[in-house]
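No value in this document is a laboratory result; all are computed from the given coordinates. Given the structure is predicted, the values throughout are model-derived calculations rather than measurements. Cβ: placed from backbone, ideal geometry, glycine included. Neighbour counts: every protein chain shown.
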């Protein structure tokens, strides 16, 4: 079913799901939503399975003409969305009618919004995913961001949406100051004691060089023992690379599959959404936790998702 | 250098590195690929995918299905068994390549830099079989080892904005093929009409880690003919079993 016609595409609007797995061995990046929490919740609110494809909307949102009555939900950054000229309530299912216009205004807080539509955005799966990897033109809508005049289709609608606003406890506040929890390794032994202390005690600033591939930070230099180069190996999401200049780069959704810089630590999964919403100038601190604490925080995250899932009315009732 | 025992290193809360040693070495790399294959054969619960590189395997797992400790316990025996997995015999993939001219604008530079004639560079580059250590950098890009020290050439000081797909280049002791148009600083000595990456194919990459590459010089006419055959999907990739011994004098 045709759901939207793109009047204006916005700054960078792409189709993303949870990413493309199984193909990194061929050099294909995972891609997928930068803020997986917002993607998941948008899907649940629109009555979808949690991993359906959504529109990931960066900073300046698109202008979309609704072509058929449907349920939508917008989560993530507050980019001042409107529905037919009236402010659109985020973090809840909203009915959009044929002829309505979905539009966005000034970014209020955060970087990336997620627009889910009942049935999920329908583009062909490429290597098992609908995510767009723009650099190589893979997936999404012809491998590229949306253009004016594009038509967006949705899959079959099944379950019912949640048309009440989600309780505040499930709605993250995006702050200009973030503490990201990390698990040290795989190459923290390539840094001096002083280097690790710098990394874990100093404040870093998000630079303008922050995109879907990685987030480059500015701040005190992190000291290596002897050089920043390693024999290239894999790069997990959230890996904190420190090249020879001593400044950390956090590797994100569109990161290349392998790389040759030392990785001092990895940001834990549940803290990546907050980083995805950080803007240039925002401040970041790192704190180290161990694996079991990381696991506990993940369980908490899944419990949160499960509780939201229970709020959604089921098909029968 | 290969470690006595493989090391397990954390890659956050959902990934684990199994590191077999340090350096670039065919034997070390073979251990990585053996574990990669063994994991696929064993179908370990909770493993999402694994990514082989020169000396380590990055194993992505779903922590809802398996915890790091249990995964390590499953991986350890697999990582320590040597040469027991049934490796498919490695193949040598022939890469038809037109050298020099506008397809390989740096061929003359590589020759001059090494005190050779362009013909000697072509001969040295195409006479040997290169082990595919890993894929990475961009989809379908293969890291090849074993370039003759006689044709090593440094990268360009300023990378070019656009290198055409299929370009064959040299950077220090590495040689490689650009699967897609991209910026790049390698010295370009030729071009192949082959398509290195096609998302619609399974697997999408023409070159697989563990196989070998051999460049086969072709003429302008052959290049065009092969390109037409590829467009008409009548081209048959030339490949044969590898019979030599893995070597890498570049490292």
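For segment B:2-80, the Stokes-Einstein estimate of translational diffusion at 20 °C and a viscosity of 1.002 mPa s comes to 174 µm²/s, using the Kirkwood hydrodynamic radius over alpha-carbon pairs. Across the residues of A:256-268, average count of Cβ atoms on other protein chains within 10 Å? So the per-residue partner count for this stretch is 4. Spin-label model, residue B:240 to residue A:218: label points 7 Å out along the Cα-to-beta-carbon direction sit 5.9 nm apart. The gain in end-to-end length when the residue B:65 to residue B:181 segment is fully stretched comes to 37.8 nm, 0.36 nm per residue minus the alpha carbon separation.
A simple packing score, the average count of other Cβ atoms within 10 Å per residue, orders the peptides B:142-150, A:299-307, B:28-36, A:34-42 as A:34-42, B:28-36, B:142-150, A:299-307, with the highest score first.
Here the scattering of the protein assembly as shown is modelled by Debye summation over its C-alpha atoms, one equal scatterer each and no solvent; at q = 0.07 Å⁻¹ the log10 of I(q)/I(0) is -0.45.
Any chance you could check the Cα centroid distance between segment B:57-116 and segment A:146-171 for me, in angstrom? Cα centroid of segment B:57-116 versus Cα centroid of segment A:146-171: 41 Å apart.
Per-residue mean of foreign Cβ neighbours for A:14-23 is 2 (Cβ atoms of other chains, 10 Å radius). Across the alpha-carbon atoms of chain B, the computed radius of gyration and Dmax are 19.5, 60 angstrom. Of the residues A:287, A:242, A:66, the one that moves most in a GNM of chain A with alpha-carbon contacts below 10 Å is A:287.
Centre-to-centre, using Cα atoms only, segment A:24-60 and segment B:117-175 are separated by 37 Å. Compared with the dominant Cα axis of chain A, that is its longest principal axis, helix A:36-45 is turned about 20°. Taking every alpha-carbon pair under 8 Å whose residues sit at least 6 apart, segment A:177-301 reaches a relative contact order of 38 percent.
Result for chain A in a Gaussian network model with C-alpha springs under 10 Å: among A:58, A:167, A:131, the largest mean-square fluctuation is at A:167.
Per residue of B:52-65, other chain Cβ atoms within 10 Å of the residue Cβ number 5 on average. In this structure, residue B:150 and residue B:221 have a Cβ-Cβ separation that, at R0 = 30 Å, corresponds to a calculated FRET efficiency of about 0.55. Which residues in segment A:287-311 have a backbone N closer than 15 Å to a point placed 7 Å from the Cα of residue A:200 along the Cα-to-Cβ line? The answer is A:287-294, whose backbone nitrogens lie closer than 15 Å to the label point. Hey, for a label at residue A:5 modelled as a point 7 Å past Cα toward Cβ, could you say which residues of segment A:90-127 have their backbone N under 14 Å away? What the label zone holds, given the 14 Å backbone N cut-off, is A:98-102. For segment B:51-188, the relative contact order works out to 18 percent when only alpha carbon pairs closer than 8 Å and six or more residues apart are counted. Computed from Cα atoms alone, the Kirkwood hydrodynamic radius reported for segment A:181-317 is 15.9 Å. Note on residue A:68 and residue B:127: the model spin-label points, each 7 Å out from Cα along the C-beta direction, lie 6.5 nm apart. Approximating the spin labels as points 7 Å out from Cα along Cα→Cβ, the residue A:300-to-residue A:209 distance works out to 3.3 nm. Each principal axis of the Cα cloud of chain A was taken in turn, and the coordinate range along them, longest first, works out to 62, 38, 35 Å. Our note on the geometry: Cα centres of segment A:252-313 and segment A:182-224, 16 Å apart.
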